[in-house]
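S.K.: Here it is: the structure, laid out below.
What follows is calculated from the coordinates using simple rules that are stated; it is not laboratory data. All of these numbers come straight from a predicted model, not from anything done at the bench. Positions of Cβ are backbone-derived with ideal geometry, glycine not excepted, and every protein chain shown enters the neighbour counts.
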Amino acid sequence: MFSGIVSALGRIQSVPEDFQGTLVIGHPREWAQLGVGDSLAVNGCCLTVVQREDERVGVEVMPETLRRTNLGRLEAGSLVNLEPSLSLGSAVGGHLVSGHVDATGEVSAVESEANSVWLSLLVPRGVGRYCTPQGSIAVDGCSLTLVSVADCSDGQSQVKVSLIPHTVKSTVAASYVPGSIVNLEADSLAKLVERLLAPHLESIQRASAHPIADAGGRSLA
């Protein structure tokens, strides 16, 4: 698990052929201690460390990683958000993030207001259904607070978040422009609640479709 608080920016050093193999990422020398077998969130995608040196780390990627995330767009020199996994007792500064990317979204607008940056994102409706104002979403592994959510006519949702200067400076958000593709992970608690309530909602829908009648044939619903 992660908290969505990016702790370092990494720079891609090499990308495996056909995106199957080891992705090598350079990072600041003083950054977190990692060992082989540890989990590392790269742009919000939980990957396993398979190589470790003083200022770089290797993580394994596979075709499903490419299909599900924006990592297949990376090339040597690209910057990525990095966060090591939480340990018991760690402070959760953002919200609980699993590192299991739900889908990718697209930046539709980047606007400045005073010291903040407004980010508008087009997200698949399957992710948008779990979004609510003042709720949380992980964008490229960065925990952000949703300000507004609106459904679009094309089967997508548009969400807006506001970034403080520290977030812009410390993450890949500084490179966002309209058209940028980002990794998305909806709040796991929202998905869990939907899963738990689904059987009860289905029962209510079935009952509504078949109202109970009294002895005279009159509906009691």
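S.K.: If you wrap the chain's Cα atoms in a convex hull and average its projection over all directions, what's the area in nm²?
M.R.: Values: hull surface 65.3 nm².
Convex hull of Cα atoms, orientation-averaged projection: 16.3 nm².
S.K.: Still on this model: On full extension of the chain, what length is gained from H200 through R52, given 0.36 nm per residue of separation minus the C-alpha to C-alpha distance?
M.R.: 48.4 nm
S.K.: Separate question: Can you pull the percent of Cα pairs in region 8-84 with separation above 16 Å?
M.R.: In whole percent, the share of Cα-Cα pairs in region 8-84 beyond 16 Å is 40.
S.K.: Does anything in region 63-77 have its amide N under 15 Å from the 7 Å Cα→Cβ label point of F19, and if so which residues?
M.R.: Within reach of a label on F19, which here means backbone N under 15 Å from a point 7 Å along Cα→Cβ, region 63-77 contributes 63-76.
S.K.: Of S162, W31, P199, which is farthest along the charge dipole of the chain in the positive direction, counting Lys and Arg as +1 and Asp and Glu as -1 at C-beta?
M.R.: P199
S.K.: Over all alpha-carbon pairs of region 103-190, lay out the pair-distance distribution in 5 Å bins, whole %, shortest bin first.
M.R.: The distribution over region 103-190 is 3, 15, 29, 29, 16, 7, 1, given as percents.
S.K.: Take peptides 102-111, 47-56, 86-95, 67-76 and line them up by average Cβ neighbours within 10 Å, highest first, as a rough protection proxy.
M.R.: Answer by packing, highest mean first, reads 102-111, 67-76, 47-56, 86-95.
S.K.: Any chance you could give the angle, 0 to 90 degrees and rounded to 10, that helix 188-209 forms with the longest Cα principal axis of the chain?
M.R.: On a 0 to 90 degree scale, this one is about 20.
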